[in-house]
Amino acid sequence: MATESLVQDTKKLLWLFFWVSFFFWMLLWILFPTTAGEMLVVRAKRRTPSYVGDFGATLIVYSAPVIGFSIFSLLFLHLKRTYPEERFSSSRARAACRQKGRVKRLQNWMWTQPLLTRGPLGVATGFDILAVTVVLIAVAWIFFVTVVPELCLINVTPQAHLPGARQKYQMRMERSAGAFARAALLPLSLLCFPVSRGSPLLRMIGIPFQHAVKYHRWLGHLTLTLYSTHSILFIWVFATEHDASKLLQWPLTGISYISGTFAFATGVIMWLTAVAPIRRRWFEVFYVTHHLYLVFFAFLVFHVGPKMSAYTAGGIFLFFVDRFIRMVQSRHSLSLAAAKVYPSGVIELKLRKSPGVAYNALSSVFVNIPCVSRLQWHPFSITSSPLDDSRTLTVCIKPLGKWTKRLHRTLVASDSKASPSSCTFSNLLFAEGPYGHASDFYLKYDALLLVAGGIGITPFIAILRDLFHRHQAKERGLPRSIQLIWTVKRGSELVLLTDIFPPKRYSNATMHFECHAFLTGQDTQYDTGEVSLIHGGEPENEVTMNFPNVSGCEGSLSTVSATGNGLWIASLTAVASFATIFVMYVSDRSTSLQSPSGNPLSSHHVALLYFVSMLMGIGGFGGVVVLVWSILRNINSGKSYKSASVYDEEGTPASCPLPDRENVWQRNLLDNTNVMRGRPNIRKYFNAAAEWYRGKDVGVLVSGPASLQQSVAGECKAHYMSSSVESPFYFHSVSFDM
């Protein structure tokens with residue numbers, strides 16, 4: 001009880017500190033265009049050593065809260081993972097998890113009720129609309145508070161008193177362009193949070209990386225719209241003044257226009273190639289050009305100087321910390337435990353992982369297979385449950401694109417009968433992750449309605465396996481009723497269900513489960529509810545390869561990850577930030593020194609010092625923390641692996657025995673599936689569920705194409721808005737939104 005009370009109190013304090021720091025940071029942006037905001041930086045400059053300067057003061061004011069709420073959230077998440085509430089038997093802790101008050105209802109409504117199902121935003125919940133509205137209002141606030149006083153001053157200034165005999169309309173355009181640039185600083189400061197795969201901010205508020213990408217797209221559109229307007233207005237002003245040569249000037253001090261031109265051009269290239277039609281048709285082009293963000297950030301700092309870039313440094317710094325950890329993990333090679341190609345073409349890969357790697361049933365990993373492509377990384381949903389096996393995890397891949405089809409051809413061409421005795425290039429790969437939801441949110445519902453399309457079944461395979469394990473362990477408070485609706489083109493794709501075993505296999509399981517599969521294509525191999533390609537429990541034309549754990553091939557997914565131990569990541573963030581700030585202070589102080597020629601250091605030299613200080617802080621000082629973390633991880637992993645053998649002589653996971661092959665057909669989930677032709681009537685299933693689960697909370701999870709998500713979201717919205725429905729449906733999209 002004492003430990004429980006201490007942990008709960010510590011978590012509450014960290015939660016409070018997180019939100020105080022976060023809202024204080026947002027308040028700073030509200031004050032940013034005002035005199036009060038300027039005075040904050042002035043006061044910070046007065047209370048810090050003289051060598052800190054304007055740059056250091058701005059950095060402290062606007063970046064310290066970001067680093068603060070990041071560290072607080074990491075510590076909170078570490079305690080939440082180390083001491084989950086399920087470990088506490090007190091009724092107070094259990095009741096807190098399932099409270100039904102008005103605040104909880106409002107929170108669920110904001111996060112899980114789609115208010116928009118079609119349009120530019122796609123399926124948008126109340127939180128999505130609130131976030132977009134707040135950012136747009138804040139950007140408009142910064143713009144108008146900045147530009148209105150400037151325009152009023154120009155209007156009352158006589159023409160003869162304008163500098164350089166300029167026209168008033170030129171001055172208005174120039175001031176408006178500057179206001180657009182200042183307004184763009186807010187979305188730019190938020191831009192990197194959604195693409196930090198292990199972002200503590202996103203994990204703290206419950207947004208998985210694969211869903212946060214849409215916020216990055218929205219912020220990217222807004223940022224580049226503002227910067228493009230800023231650039232076009234300045235180009236127009238210079239053209240009317242017949243002084244376009246300024247765009248090619250790079251002065252030693254002040255604004256570097258040519259740097260701004262390069263930043264503008266780079267941003268437009270990334271923007272155009274990120275448009276949905278181009279991104280989906282030519283993903284490789286999008287992937288390569290999007291790495292120009294390094295060039296964009298560099299020339300942007302050269303353009304405005306380190307002082308202005310200090311306003312956005314916090315989010316960018318955390319992104320590079322996340323990127324550094326990902327780079328360390330992705331350089332750690334691992335080997336496959338097994339690979340299987342189903343008759344439908346779907347590929348199943350079983351990856352080795354360290355026992356300390358934590359994930360849940362809705363996690364995903366990024367995979368790079370050098371024999372297919374040395375550069376491309378692709379995300380895949382994990383189809384195994386963390387309760388299956390502590391030494392492996394499984395992903396399923398459908399050959400749809402160039403990379404996946406090449407992988408399929410490589411595996412099929414391999415000798416499925418061979419058992420490699422040495423480490424081969426083909427079964428070595430790199431992976432990073434896992435990423436995804438920080439909690440098993442689906443466990444809190446009374447019933448689940450799972451809707452999948454095609455390969456979108458993969459996250460639900462993991463959920464079903466996880467739930468079956470938990471019911472076998474007699475856990476309390478689990479969903480007691482589950483319906484799965486799966487739409488596929490061919491009956492051969494249903495073979496994925498043969499590796500899942502329904503609750504009736506366990507004598508202690510007490511849950512109602514229904515599985516409905518719909519075939520939309522012309523499949524002659526399917527007849528009267530049975531897949532003809534399966535004979536005696538063994539799929540025909542199935543390619544299976546096992547890779548025993550041989551010398552030199554024992555690599556496994558590392559625990560040194562962006563979503564790993566929160567204490568280590570918090571330590572890395574703290575050490576890297578203090579080291580970076582210290583080097584930046586020294587760099588800023590050096591500007592008061594004279595170069596050998598007797599002239600002060602130029603702005604681009606100061607910007608270079610800014611980059612070097614961040615590199616030294618993250619890669620140098622932060623690298624020492626990662627090195628110690630890796631050494632201790634290797635020691636602990638070595639002890640764990642010596643304690644037990646992971647694979648038997650045939651390469652099968654020893655801790656996960658296979659069922660009796662003679663009875664597998666009577667036990668797998670496919671035998672309990674109701675198979676029909678045509679497309680499902682989603683409304684019919686929702687109406688029936690509303691009657692069956694009257695008075696209960698129903699979690700609706702959808703994974704599949706955008707049209708399927710919109711259809712399911714529309715039904716959730718219609719039933720929630722209906723006053724006659726007593727069973728609210730809570731919508732969750734678990735599809736990749738890339």
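The values are calculated or read from the model by the stated rules, or taken from the named source; none is laboratory data. Bear in mind that the values here come from a model prediction, so they are computed numbers and not experimental data. As a convention, Cβ positions derive from the backbone with ideal geometry for all residues, glycine included, and neighbour counts pool all protein chains shown. Quick note on the areas: whole protein, heavy atoms, side chains included, nothing else; ligands and nucleic acids left out. Shrake-Rupley method; radii C 1.70, N 1.55, O 1.52, S 1.80 Å.
Please list, ordered by chain and number, the residues whose modelled amide H lies under 5 Å from the amide H of Arg677; skip anything fewer than 5 residues away on the same chain.
Distant-sequence amide H within range of Arg677: Leu519.
Putting +1 on Lys and Arg Cβ atoms and -1 on Asp and Glu Cβ atoms, find which of Ala473, Leu448, Val495 reaches farthest to the positive end of the dipole of segment 441-504.
Working it through, the farthest residue towards the positive pole turns out to be Ala473.
Taking N as the number of residues in segment 1-42, what value does Rg over Cα atoms divided by 2.2 N^0.38 Å take?
Dividing the Cα Rg of segment 1-42 by 2.2 N^0.38 Å gives 1.81.
Given a cut-off of 20 Å, name the pairs among Lys340/Lys398; Lys444/Lys696; Lys214/Lys684 whose C-alpha atoms lie farther apart than that in the structure shown.
Distance filter (> 20 Å) returns Lys214/Lys684.
Quick one: which residues, 5 or more positions from Ile482 or on another chain, have an amide H under 5 Å from its amide H? H modelled 1.01 Å from N in the peptide plane, none for Pro or chain starts.
Those lying under 5 Å, H to H, from Ile482 are Leu448, His512, Phe513, Glu514.
Based only on the alpha carbon positions, what is the Kirkwood hydrodynamic radius of segment 297-411, in angstrom?
Computed over Cα pairs of segment 297-411, the Kirkwood hydrodynamic radius comes out at 16.8 Å.
What are the ³J(HN,Hα) values, in whole Hz, obtained from phi via the Karplus relation 6.51 cos²θ - 1.76 cosθ + 1.60 with θ = phi - 60°, for each residue of segment 351-358 in sequence order, with x given for Gly and Pro?
Ordered by residue, 3J(HN,Hα) equals 9, 6, 9, 5, x, x, 6, 9 Hz.
For segment 260-397, what's the relative contact order in percent, using C-alpha pairs closer than 8 Å and at least 6 residues apart?
Computed over segment 260-397, the figure is 16 percent.
If packing is taken as the average count of other Cβ atoms within 10 Å, what order do 429-441, 401-413 fall into, highest mean first?
Ranking the peptides 429-441, 401-413 by packing returns 429-441, 401-413.
Please state, to two decimals, what the Cα-based radius of gyration of segment 282-354 comes to when divided by 2.2 N^0.38 Å (N = residues).
In units of the globular-protein estimate, segment 282-354 measures up at 1.73.
May I ask for the equivalent-ellipsoid semi-axes of segment 221-373, computed as the square root of five times each C-alpha gyration tensor eigenvalue and listed largest first in whole Å?
Numbers: eigenvalues 371, 77, 32 Å².
Semi-axis lengths for segment 221-373 are 43, 20, 13 Å.
Mind ordering 683-694, 620-631, 309-320 by average Cβ neighbours within 10 Å, highest first?
309-320, 620-631, 683-694
Could you pull out every residue, at least 5 positions away or on a different chain, whose amide H is within less than 5 Å of the one on Thr383? Hs are placed 1.01 Å off N in the peptide plane, and Pro or chain starts have none.
Under 5 Å from the amide H of Thr383 lie the amide H atoms of Thr394, Val395, Cys396, each far enough along the sequence or on another chain.
In whole percent, and with a 1.4 Å probe on the protein chains, what portion of the accessible area of segment 281-415 is carbon and sulfur? If you can, show how the numbers build up before the last one.
Numbers: 2990 of 4790 Å².
Heavy-atom surface of segment 281-415 belonging to carbon and sulfur, 1.4 Å probe: 62 percent.
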